[in-house]
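Novice: Structure incoming, see below.
The values are calculated or read from the model by the stated rules, or taken from the named source; none is laboratory data. Treat the numbers as computed from the prediction; the structure is a model and nothing was measured. Here the Cβ is made from the backbone with ideal geometry for all residues, glycine too, and neighbour counts use every protein chain on show.
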Amino acid sequence: MDSFVCIITGCNSLTGIGRASAYAFAKKTPKVIYVTDVHDNNLATLSEDITKTTGVACIPKVVDASSDKDIQAVIDDALEKYGRLDVFFANAGVGGNHPMATQTMEGFLEMMRINTWSVFAAIKYASVAMEKTSEDKIKSGGSIIATASVAGLRSGAGPVSYSASKAAVINICQSAAWRLHGKDIRVNAICPGIIETEMTGRVLNAIANDAYESKSIKYNSALERCGKPEEIATMAAFLASTEASFVTGQAMVVDGGLSAALPYTPKFAAA
């Protein structure tokens, strides 16, 4: 990834996939990484630490990932300063715990705006930037990655609105990969299982004292544990790199085996 210019959204959380991915991308020695989020209380220290520990230039930016204006602005900044864009990781998103019976149209559309439109906007604007060439970049190309979820692949892994938003992310990535054919711009989604982040922490803490629920989360994974943000970041860094040069239009599942079978039922599993 040497000389590549990268943008990552959703980087502010201290225990999030975005932050872990910034460090994983830095190991690939890009020219610069933009770490962005709608919140910025942790972005500056993240940027400073990456530059200090890896030597890679890292720029913090306040960006609302679901705002066309903000997405276009950070891309324009990269083009103005570095003349190219090579990697865009559309990682920003929100969770939810709204029962279907109480879900409102406003809440549903807000989930779609943040989780789904942010990905569409990233692909829309980043793909145009990735086509631009110069003496430093002689041909069109790049990698766009989006954080989806196993909830977008099958039912039971999240609320209806959240699952719908992530299913849409997967379809958008697959559709865009084909629409961008011939431009050497790859588009892929990552589908994490249950990952120990700030967002999932609230749920995991809430069921910590419930023996049945805690055991269900453990045994529904073939590896019998939750994932770490770094394990998703490793996949993101792979998809961003030329090592994944023939991978596009895919939903890469990183879930410890969660989606590999029906929900674990001890009685029948032992038979």
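Novice: Can you tell me which residue is surrounded by the fewest Cβ atoms within 10 Å (Cβ to Cβ) among those in the stretch 120-144 that are over 20 Å from residue 236 (Cα atoms) and among the charged types (D, E, K, R)?
Specialist: This residue is 135.
Novice: Could I ask something else about it? If you go through the stretch 250-261 one residue at a time, how many are crowded, with 17+ Cβ neighbours inside 10 Å and of a type in the set (Gly, Ala, Ser)?
Specialist: Of the residues in the stretch 250-261, 3 are crowded, with 17+ Cβ neighbours inside 10 Å and of a type in the set (Gly, Ala, Ser).
Novice: When residues of the stretch 178-194 are filtered for being assigned to a helix (DSSP H, G or I) and either without any contact (Cβ under 8 Å) to a residue 60 or more places away in the chain or closer than 20 Å to residue 150 by Cβ (or both), how many remain? Let's see the steps before the verdict.
Specialist: As a first pass, look at the stretch 178-194 and keep what is assigned to a helix (DSSP H, G or I): 178-179.
Keeping just the survivors that are either without any contact (Cβ under 8 Å) to a residue 60 or more places away in the chain or closer than 20 Å to residue 150 by Cβ (or both) gives 179.
Total meeting the criteria: 1.
Quick grid of which residues meet (1) over 19 Å from residue 233 (Cα atoms); (2) touching a residue at least 12 places away in the same chain (Cβ under 8 Å); (3) of a type in the set (A, V, I, L, M, F, W, C):
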{"residue": "25", "(1), (2), (3)": "no, yes, yes"}
{"residue": "28", "(1), (2), (3)": "no, yes, no"}
{"residue": "39", "(1), (2), (3)": "yes, yes, no"}
{"residue": "46", "(1), (2), (3)": "no, yes, yes"}
{"residue": "57", "(1), (2), (3)": "no, yes, yes"}
{"residue": "64", "(1), (2), (3)": "yes, yes, no"}
{"residue": "71", "(1), (2), (3)": "yes, yes, yes"}
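Novice: Is it fair to say residue 32 is farther than 18 Å from residue 145 by Cβ and in contact (Cβ under 8 Å) with a residue 12 or more places away in the chain?
Specialist: Taking the combined requirement at face value, the residue does not satisfy it.
Novice: Please verify whether the stretch 222-244 includes one or more residues that are modelled with pLDDT of 95 or more, touching a Cys at 6+ places or on another chain (Cβ under 9 Å) and within 25 Å of residue 98 (Cα to Cα).
Specialist: No, the stretch 222-244 contains no residue that is modelled with pLDDT of 95 or more, touching a Cys at 6+ places or on another chain (Cβ under 9 Å) and within 25 Å of residue 98 (Cα to Cα).
Novice: Something else about it: Against the definition (of a type outside the set (Phe, Trp, Tyr) and either modelled with pLDDT under 95 or more than 14 Å from the chain's Cα centre (by Cα) (or both)), how does residue 165 come out, yes or no? Lay out the reasoning, then the answer.
Specialist: Details: of a type outside the set (Phe, Trp, Tyr): yes; either modelled with pLDDT under 95 or more than 14 Å from the chain's Cα centre (by Cα) (or both): no.
No.
Novice: Quick one: is residue 108 out of contact with any Cys (no Cβ under 8 Å at 6 or more places or on another chain) and of a type in the set (A, V, I, L, M, F, W, C)?
Specialist: It is true that residue 108 is out of contact with any Cys (no Cβ under 8 Å at 6 or more places or on another chain) and of a type in the set (A, V, I, L, M, F, W, C).
Novice: Taking the stretch 145-173, which residues are surrounded by 24 or more Cβ atoms within 10 Å (Cβ to Cβ) and among the hydroxyl-bearing types (Ser, Thr, Tyr)?
Specialist: Matches in the stretch 145-173: 147, 149, 165.
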